[in-house]
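Engineer: Could you have a look at this structure, given as C-alpha cells, before my questions?
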Amino acid sequence: MGKPRLLETYRSSIVPDMMKAFGYKNQMQVPKLKKIVINVGLGEATQDIKMLEAAQHELAAITGQKPVTTRAKKAIANFKIRKGSAIGCKVTLRRYMMYEFLDRMISVAIPRIRDFRGLPANSFDGSGNYSFGLNEQVIFPEVDVDKVMKTHGMDITIVTDAKSEKEAFELLKLFGMPFKK
C-alpha cells in the first residue's frame, strides 16, 4: 500500500499554496491534520444491544478500524440511561487511515447526500477544529443498505493544528471540502 492520495496532494500542492497565502517562512508552520474522530451516539441502544453491535460493524466497515464503545457518564432517568451503560461508539483515525477516510468521504460519500447544498462554514470551534454531522450512514458505499437495521447519524470532528479558523478553513478548502458559498 502506497501513500494516500490526499497526503501526496497535501505535500505537493497544499503546503506551497498555504505558504503563499499566509506568508509562512517554513513548511513546518503550515497547519496539518492531526486526527479525525467519528462518533455515533445511540440512545436507543440501552433497550436493544443489537443496534449498538450493528452500528459498530458499520463504523468498522466505514473506517477500517474497530470502534470503541462509549458509556454513559451519569444516569439520566428521563432517557432511561444508567451510569456506565453502552450508549454509542467512536473511532479515532490518525495518519494514513485518516487521509484515506477523508479522501473517501470528500470524493465518494458527501456527493451521495440527498439535497446537498454544502457543509456549514461556521462549524469551527475557534482553535482550528471542524465538526459536522451526517444524518445517515448509508451514504458510505461500504455500508450494505439491505442489512441496515436503523439509519443513524454520526458526528465527525476534524482536528487540525491550525492557529485560527481562517487557516483551518483554507486548509480544509484546499483538501476539497465542499463548504457552502
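Engineer: Can you run down the residue pairs with Cβ atoms below 9 Å, 6 or more apart or on separate chains, where the first is in region 127-147 and charged (D, E, K, R) and the partner is assigned to a strand (DSSP E or B)?
Structural biologist: Between residues of region 127-147 that are charged (D, E, K, R) and residues that are assigned to a strand (DSSP E or B), the close pairs are 136/154.
Engineer: Just give me the residues in region 159-181 being without any contact (Cβ under 8 Å) to a residue 40 or more places away in the chain and among the basic types (Lys, Arg), in sequence order. Walk me through it before giving the result.
Structural biologist: So the first thing to find is which residues in region 159-181 are without any contact (Cβ under 8 Å) to a residue 40 or more places away in the chain, and the list is 164, 166, 173.
Within region 159-181, 166, 173 qualify.
Engineer: If you check every pair at least six apart or on different chains, which have Cβ atoms under 6 Å apart with a residue in region 85-97 that is farther than 10 Å from residue 35 by Cβ and modelled with pLDDT under 85 first and a residue that is open to solvent by 70 Å² or more (accessible area, probe 1.4 Å) and part of a strand (DSSP E or B) second?
Structural biologist: From region 85-97, the pairs are 86/71.
Engineer: Quickly run through region 154-181 and pick out the residues that are of a type outside the set (Ser, Thr, Tyr) and in contact with a Gly (Cβ under 6 Å, 6 or more places away or on another chain).
Structural biologist: Taking region 154-181 as the starting set, the residues that turn out to be of a type outside the set (Ser, Thr, Tyr) are 154-156, 158-159, 161-163, 165-181.
Result: 155, 162, 168, 178, 179, 180.
Engineer: Are any residues in region 87-99 under 11 Å from residue 67 (Cβ atoms) and over 12 Å from the mean Cα position of the chain (by Cα), and if so, which ones?
Structural biologist: 88, 89 - these are the residues of region 87-99 that are under 11 Å from residue 67 (Cβ atoms) and over 12 Å from the mean Cα position of the chain (by Cα).
Engineer: If you don't mind, another one. Within region 144-155, which residues are under 17 Å from residue 39 (Cα atoms) and surrounded by fewer than 19 Cβ atoms within 10 Å (Cβ to Cβ)? Talk me through it step by step, then tell me what you get.
Structural biologist: Initial filter on region 144-155 (under 17 Å from residue 39 (Cα atoms)): 150-155.
Correct list: 150, 151, 153, 155.
Engineer: Would you confirm whether or not region 4-17 contains a residue that is buried (at least 18 other Cβ atoms within 10 Å of the Cβ), part of a helix (DSSP H, G or I) and of a type in the set (Lys, Arg)?
Structural biologist: Just the residues of region 4-17 that are buried (at least 18 other Cβ atoms within 10 Å of the Cβ), to begin with: 4, 6-7, 10, 14-15.
The next check asks that each one be part of a helix (DSSP H, G or I); those that pass are 6-7, 10, 14-15.
Okay, now just the ones that are also of a type in the set (Lys, Arg), so none.
No, the conditions are met nowhere in region 4-17.
Engineer: Output the residues belonging to region 156-165 that are open to solvent by 60 Å² or more (accessible area, probe 1.4 Å) and in a strand (DSSP E or B). Break it down stepwise before answering.
Structural biologist: Within region 156-165, the first condition is being open to solvent by 60 Å² or more (accessible area, probe 1.4 Å), and the residues that meet it are 163, 165.
Once the filter is applied, which keeps residues that are open to solvent by 60 Å² or more (accessible area, probe 1.4 Å) and in a strand (DSSP E or B), region 156-165 yields nothing.
Engineer: Does residue 168 satisfy being surrounded by 14 or more Cβ atoms within 10 Å (Cβ to Cβ) and assigned to a helix (DSSP H, G or I)? Walk me through it before giving the result.
Structural biologist: On the way: surrounded by 14 or more Cβ atoms within 10 Å (Cβ to Cβ): yes; assigned to a helix (DSSP H, G or I): yes.
It is true that residue 168 is surrounded by 14 or more Cβ atoms within 10 Å (Cβ to Cβ) and assigned to a helix (DSSP H, G or I).
Engineer: Would region 115-131 turn up any residue that is of a type in the set (Lys, Arg) and either modelled with pLDDT under 80 or within 29 Å of residue 15 (Cβ to Cβ) (or both)? Full working, then the answer.
Structural biologist: We begin by selecting, within region 115-131, every residue of a type in the set (Lys, Arg); these are 117.
Next, from what is left, pick out any that are either modelled with pLDDT under 80 or within 29 Å of residue 15 (Cβ to Cβ) (or both): none.
Taking every residue of region 115-131 in turn, none turns out to be of a type in the set (Lys, Arg) and either modelled with pLDDT under 80 or within 29 Å of residue 15 (Cβ to Cβ) (or both).
Engineer: Let me ask something else. Condition test on residue 177, is it outside any loop (DSSP other than H, G, I, E, B) and open to solvent by less than 20 Å² (accessible area, probe 1.4 Å)?
Structural biologist: Values: outside any loop (DSSP other than H, G, I, E, B): no; open to solvent by less than 20 Å² (accessible area, probe 1.4 Å): yes.
Judged against the criteria, residue 177 is not a match.
The values are calculated or read from the model by the stated rules, or taken from the named source; none is laboratory data. For clarity, every value in this text was computed on a predicted model and none was experimentally measured. Backbone-built Cβ (ideal geometry, glycine too); neighbour counts: all protein chains shown. Note: areas computed on protein heavy atoms with side chains; ligands, DNA, RNA excluded. Shrake-Rupley method; radii C 1.70, N 1.55, O 1.52, S 1.80 Å.
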